[in-house]
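Down below is the structure, laid out as structure tokens.
The values are calculated or read from the model by the stated rules, or taken from the named source; none is laboratory data. Only a predicted model underlies this, so the values are computations on that prediction, with no experimental measurement involved. Cβ sites come from the backbone with ideal geometry, for glycine too, and all protein chains shown count toward neighbours. Please note that ligands, DNA and RNA were not included when accessible areas were found on the heavy atoms of the full protein model with its side chains. Shrake-Rupley method; radii C 1.70, N 1.55, O 1.52, S 1.80 Å.
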Amino acid sequence: MSRIFSGIQPSGDLHIGNYLGAVKNWVALQGRFESLICIVDYHAITVAYEPQVLRDRTRDMAISLLASGIDPERAVLFVQSAVAEHTELAWIFNTLTPLGELERQTQFKDKSSRQESIPVGLLTYPVLQAADILLYKADLVPVGEDQLQHLELSREVARKWNARFSPDAPFFPEPKAEVTKTPRVMGLDGGAKMSKSLGNTVGLLEEPAAIWEKLKPAVTDPARVRRTDPGTPEVCNIYHLHKAFSPPETVQHVAAQCSTAGWGCIECKKVLFESMTKELTPIRERAAAIRADPATVKAVLRAGADKARAIARVTMREVKERMGFDP
Ligand code: SF4
């Protein structure tokens, strides 16, 4: 069975952008692939943070993932900092990665431009990402298009290490991208991306009343000024959310009603709200039950870390031996 590695930062509760763009896909893949799902807390400390907040968010992310359908019987769910081999391999890869390649990474340029003092960790973030993936010799990595450049760097690191220390038969596979099919979910404010820092999200675990309060004013097709103006569903974020949450016959109905001005945007949003409530209510209820049992969450993460560490240790033993260290 091919192995798949997915990482997510501990940003607390998931929002529906994370859920639709990544986690739902991981849930679908977990039976078909050997799945490792890692809460990448070391990545989260490349920007300013509070220790207690990090701890809470790591736990909340684990709860959200489990409630969304990540099944510890079919996937290895663990926290990055519980497996020391991630940083050990990252150091080794640091010695092989040219500075210029890291400085060219779009995400580094974007994030560093907003900081007065740039921590080295922000620059070497993609090297740690390469270590996350290659430590498990993952064949596939589910990514959004904005992560393709980092994945290419992981492939480059694998090629470099193989050429230097395993020239006859590649030790590290070059991981392939499993590009998520779901289009990126836009912010409710019409922004290009749904993001917590932009305050335009719907939380996966939010109460229905709070979700409706956010949906009501959400941006729709800007050309639909009057109720009688026909709309263009494809340019409307609400239509894309229908495609993610509503059954196909409803999506067809939305498109027909919108393009003929058969109904207004509020009617359209009410139908979306019903579809979202149907899918999200069981997740919210499961999350509440999981949250009430913190010992089980800890046990799941501990067992996941044990399984991940067992694979990581085998990789590191071989890596060190080939590099001239006494394993
Ligand atoms: Fe968007 Fe629905 Fe309004 Fe059309 S009717 S513009 S799909 S909210």
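If the chain between Lys196 and Val47 were fully stretched, how many nm would it gain, using 0.36 nm times the residue separation less the Cα-Cα distance?
Numbers: separation 149, 0.36 × 149 = 53.64 nm, distance 1.51 nm.
That works out to 52.1 nm of additional length.
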Rounded, prolate or oblate: pick one for the range 234-327, where a ≥ b ≥ c are the square roots of the eigenvalues of its C-alpha gyration tensor, a/c under 1.5 means rounded, and failing that, prolate if a/b is larger than b/c, else oblate.
oblate
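In terms of the ratio Rg/(2.2 N^0.38 Å) built on C-alpha atoms, what value belongs to the chain?
Values: Rg = 21.7 Å, N = 327, 2.2 N^0.38 = 19.9 Å.
Rounded to two decimals, the normalised Rg is 1.09.
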Taking the dipole of the range 197-241 about the Cα centre (Lys, Arg +1; Asp, Glu -1; charges at Cβ), the one of Thr228, Thr201, Leu215 that reaches farthest to the positive side is Thr228
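Would you mind getting the accessible area per residue of the chain, heavy atoms of the protein chains only, 1.4 Å probe, in Å²?
Details: 15960 Å² over 327 residues.
Here the residues of the chain average 49 Å² of exposed surface.
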Note on the range 228-272: alpha-carbon gyration tensor, axes a ≥ b ≥ c; rule is a/c under 1.5 for rounded, else prolate if a/b larger than b/c, else oblate; result prolate
Simple spin-label estimate for Phe325 and Lys278 in nanometres, 7 Å along Cα-Cβ:
5.3 nm
If you find the alpha carbon centre of the range 133-157 and of the range 281-301, how far apart are they in angstrom?
30 Å
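If you take the square roots of the eigenvalues of the alpha-carbon gyration tensor of the range 206-288 and sort them as a ≥ b ≥ c, do you get rounded (a/c under 1.5), prolate (a/b over b/c) or oblate?
Because a/c hits 1.5 or more and a/b exceeds b/c, the range 206-288 counts as prolate.
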C-alpha long axis of helix 294-323 to longest principal axis of the chain, angle in °
40 degrees
Protection proxy ranking of 96-102, 224-230, 124-130, 32-38 - average other beta-carbon atoms within 10 Å, highest first:
124-130, 32-38, 96-102, 224-230
By how many degrees, between 0 and 90 and to the nearest 10, does the Cα long axis of helix 51-68 differ from the longest principal axis of the chain?
70 degrees
At the level of C-alpha centres, the distance separating the range 223-240 and the range 34-102, in angstrom, is 40 Å
Under a no-solvent Debye model with one identical scatterer per Cα of the range 22-87, what's log10 I(q)/I(0) at q = 0.18 Å⁻¹?
-0.71
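If you stretched the chain out fully between Gln252 and Arg291, how much longer would it get, using 0.36 nm times the residue separation minus the C-alpha to C-alpha distance?
On the way: separation 39, 0.36 × 39 = 14.04 nm, distance 3.79 nm.
Contour length minus the Cα-Cα distance gives 10.3 nm.
Ignoring any ligand, DNA or RNA, what whole percent of the accessible area of the range 38-170 comes from carbon and sulfur when the probe is 1.4 angstrom?
Values: 3240 of 6160 Å².
Accessible surface attributable to carbon and sulfur in the range 38-170 totals 53 percent.
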Relative to the longest principal axis of the chain, what angle (0 to 90°, nearest 10) does the C-alpha long axis of helix 265-291 take?
40 degrees
How much of the accessible area of the range 206-288, in percent, comes from carbon and sulfur atoms when a 1.4 Å probe is used?
60 percent
Would any residue of the range 54-95 have its amide N under 14 Å from a label point 7 Å out along Cα→Cβ of Lys298? List them or say none.
56, 59
